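Each remark here refers to the structure printed beneath this line.
The values are calculated or read from the model by the stated rules, or taken from the named source; none is laboratory data. The structure displayed is predicted, hence computed values, not measured ones. For neighbour counting, all protein chains shown are included, and Cβ atoms are generated from backbone atoms with ideal geometry for every residue, glycine included.
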Amino acid sequence: MDIDIDKVKGDLQNNFITDIIYFDSVASTNQTALNFDSNSRSNGIVIIADEQTKGRGRLDRKWFSPKGKGLWFSIIISSFKDIEYINLLTFIAGLAVNKTFKSMKIDTDLKWPNDIMYKNKKICGILAQFKSTGNKVKKVVVGIGINVNQDSFPVDLKKFSISLKNIKGNKVDRAKLLTEILNNFSIYFKLFNNKEYKKVTGMWKKEMKLLNKNVVIKKSNGNRINGTVIDITDKGELVLKKEDGSIKTYIAGDISIDKKSLMV
Ligand code: BTN
C-alpha cells in the first residue's frame, strides 16, 4: 500500500484522532470498527483498509471498494454528549471531506443526508452505524468511502459515480488526502463536542444544492413524496413543504431533484 500510515499519524494536528489501524483487506471497515473494543479508549481510532470485499452503503447497498483505488475508512466515536444530535456526525464527516475537496479546487456539494457530489455524480459516501446495549448507544462508527484513483466504474455505477482522478486528470496522493480529511474532521468535531449544533447545520446548509428546490424523496418503503426543501433542523432532519402545503421532517430517505419542476 502506498500510504505511509506513520507519516499520516505524524502529520495530524490538534487532534481528535488517537490512532490509525491499517488492514490490507477487510470485509468492511465499518464492521471491523463496530467489532473493535467498545470502551472509551477506542474514541478517535481510525480503521482503514486498502480494499473492502463487502463494503456497505446505506440501505445495505454494496459499496465498490477496489484495492488501492480509494480511501475506505471508519472513525470510531465512543464518547459524546447529546445522543439526540448523533446524526450530525455524518454532517461533520461531510463537511470535513467537502472542505478538503474544495481546497483541491474541486467544486463539490453536499447531498442530504450523506453524500458528496460533483456535478450530480457521487464522489464520496458516508455511512454512520451504531452499537448499543439496551437503549444506550455505546459507539458510533462513521464510515467514509472516497473514490480517489479509479479510472472507470462498473457499468451499473458509471452513470452515478466519479473519482478525483476522473476530475483532476491525474493520480491523487491518498496519504495527503487522508491527513487533510482527518485534520478537518477534528476541527468540525470540536464544534459538535462544544454543542454548536446550529453552527454545524448552518455550515452544512451552505454547501447543499437542493435547499429551496423542488425535490422527490424516496422512502425505504418505496413511497415517493414531492415538495420543496425549506430547511435542515439542528438535528440534521430535512424539512419539506409538501405539495399540499403541509410541512414534514424526515430523518432519512433518497432525495433527488423533481424533474417535473424543471419543465415549467
Ligand atoms: C453510501 O453512500 O450509502 C455510504 C457509503 C459508505 C462507504 C464507506 S467505505 C468505508 C466504510 N465501510 C463500509 O462498509 N462502508 C463505509
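Miscellaneous remarks
- Taking the criterion of being within 16 Å of the ligand (Cβ to nearest atom) and assigned to a helix (DSSP H, G or I), the only residue of the range 101-115 that qualifies is PHE101.
- Annotation note: of ALA27, ALA49, the sole residue that is surrounded by fewer than 17 Cβ atoms within 10 Å (Cβ to Cβ), of a type outside the set (Ser, Thr, Tyr) and within 24 Å of ILE116 (Cα to Cα) is ALA27.
- Answer residue from the range 57-111, given it is among the aliphatic types (A, V, I, L, M), over 27 Å from ILE3 (Cα atoms) and out of contact with any Phe, Trp or Tyr (no Cβ under 7 Å at 6 or more places or on another chain) and is modelled with the lowest pLDDT among those: LEU59
- ILE181 being surrounded by fewer than 19 Cβ atoms within 10 Å (Cβ to Cβ), at pLDDT 95 or above and of a type in the set (Val, Ile, Thr): no
- Taking (1) surrounded by fewer than 14 Cβ atoms within 10 Å (Cβ to Cβ); (2) assigned to a helix (DSSP H, G or I) in turn, ILE92 satisfies each apart from (1).
- Number of residues in the range 27-46 that are among the aliphatic types (A, V, I, L, M) and without any contact (Cβ under 8 Å) to a residue 60 or more places away in the chain: the value is 2.
- Residue satisfying all of: in the range 213-264; part of a strand (DSSP E or B) and of a type in the set (Gly, Ala, Ser); surrounded by the most Cβ atoms within 10 Å (Cβ to Cβ) among these: GLY227
- Across the range 54-89, the qualifying residues are those that are over 25 Å from TYR250 (Cβ atoms) and surrounded by fewer than 23 Cβ atoms within 10 Å (Cβ to Cβ), and the one among them that is nearest to the ligand (Cβ to nearest atom) is LYS54.
- Qualifying position, being part of a strand (DSSP E or B) and either within 20 Å of LEU238 (Cα to Cα) or near the ligand (Cβ under 10 Å from one of its atoms) (or both), among ILE144, ILE123: ILE144
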